[in-house]
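Notes follow once the structure below has been shown.
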Amino acid sequence: MFLIKFLTTSITISGVLAVAIGGASFLCGVLAIETVELGKLSSFNRPQYQKMILYGTASVGAGLFLTGAALWIASFGEQLAIEEMRRIEEQTKKQNCKLSVCEGCKHFHGVHYNSTPLICAMHPYGVEGEHCPDWEA
């Protein structure tokens, strides 16, 4: 989950910076060409201004792509997190049902080993039904 947050944040920042820098470059290039057209001053710099427009446009496009990619990764990560939460919730509900059947039994152990519970020797993962055939007070 941390990796997805890190990727999303870094790609979003990169995308926003690319859009800002590209937009500024594009705007400067357009303004420079319009200034040259209006005043016919320093027309020898026109190719540089055209490059500014080209690179600015490419930068804006790349920034928008990166921002979109970050949003897609964020939604994908969110979906994974939701699915994992549902899986854990279902597993917890099943485990709680199994434990409630075993409460009070003399065979009940209930200790977790490496996050796996050992309910008892006869039914290590608990019984499936609501009654245990081996239950003893």
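Derivation of every value follows stated rules applied to the coordinates shown; laboratory data play no part. Predicted, not measured: the structure shown is a model, and the values here were computed from it. Cβ placement follows ideal geometry from the backbone for every residue including glycine, while neighbour counts extend to all protein chains displayed.
Observations on the model:
- For region 58-93, the residues whose backbone nitrogen is under 20 Å from a point 7 Å from the Cα of ALA20, taken along Cα to Cβ, are 58-71.
- Spin-label model distance (nm) - GLU89 vs LEU7, 7 Å beyond Cα toward Cβ: 2.5
- Label separation (GLN48 vs LEU31): 1.6 nm, computed from points 7 Å beyond Cα along the C-beta direction.
- Between region 66-82 and region 102-129, the alpha-carbon centres lie 39 Å apart.
- Förster radius 41 Å - calculated FRET efficiency between GLN79 and LYS106 (Cβ-Cβ, nearest 0.05): 0.35
- 18 Å Cα-Cα reach of LYS51 towards aspartates and glutamates, excluding residues that sit fewer than 8 places from it in its own chain: GLU34, GLU37
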